[in-house]
Amino acid sequence: MQYPLTLSFKLIALAPQVTITDAGGETIFYVKQKLFKLKEHVQIFTDATRATPLADIKANKVIDWSARYNFTSPDGSALGSVGRKGMRSLFKAHYETFVGADESHDFDIQEENALAKIGDSVFGSIPVLGMLTGYLFHPKYLATRSNRTQAMRLTKQPAMWEGRFIMEKLDDSLTSEEELSLMLSYLMLVMLERSRG
């Protein structure tokens, strides 16, 4: 897998779907969210054929600001989880990532610029002008360890009819388990924040 990775999804789609490709253009993940579920359920596959499942993401609660989203492998073993920090996420998105079945959080993912979220919310509700927020506001989400070491960054790219993000790996010492948990955390973040430009 070659970084940077590109996450893209259609803004106007019945069932949210995300495709992740590496720097060489190879599809790494294809993600499809199940509709009409009381609890969020996202399935991750190797490609758009959906023949080979890689992981599932399921919420531990019915719609809630502080829900935890658990990652499991196809055989049901725990891969990790991500949780949104309720009130902290009102002005600036804030998530905590957990690796494996451990209950202590390993990474914080925070929006780097609160003005991007506020501007997107304000201008996004204005008719016609709201259609342009995808070009005007580009949030960045930085994942850091508890010692503030930067691990990964997800950056929104300008786009009109789709959501497009670039994921960069900033820490070469990440284990494969940490890397996977962060990637799945960013996927869930994109699914939860997708209404923004």
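The values are calculated or read from the model by the stated rules, or taken from the named source; none is laboratory data. Everything numeric here is computed off the predicted structure, so don't read it as measured data. We place every Cβ from the backbone using ideal geometry, glycine too, and count neighbours over all the protein chains shown.
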- With respect to V99, is the statement that it is at negative phi and modelled with pLDDT of 90 or more true? yes
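Residues checked against (1) of a type in the set (D, E, K, R); (2) closer than 15 Å to S8 by Cα; (3) at pLDDT below 90:
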{"site": "T133", "(1), (2), (3)": "no, no, yes"}
{"site": "E162", "(1), (2), (3)": "yes, yes, yes"}
{"site": "F165", "(1), (2), (3)": "no, yes, no"}
{"site": "R196", "(1), (2), (3)": "yes, yes, yes"}
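If you take the residues in the stretch 11-41 that are among the charged types (D, E, K, R) and surrounded by 14 or more Cβ atoms within 10 Å (Cβ to Cβ), which one is modelled with the highest pLDDT? Steps first, please.
Restricting attention to the stretch 11-41, the residues satisfying the condition of being among the charged types (D, E, K, R) are 22, 26, 32, 34, 37, 39-40.
So of that shortlist, the ones also surrounded by 14 or more Cβ atoms within 10 Å (Cβ to Cβ) come out as 22, 32, 34, 39-40.
Numbers: D22: 95, K32: 77, K34: 69, K39: 69, E40: 78.
Per the criteria, the residue is D22.
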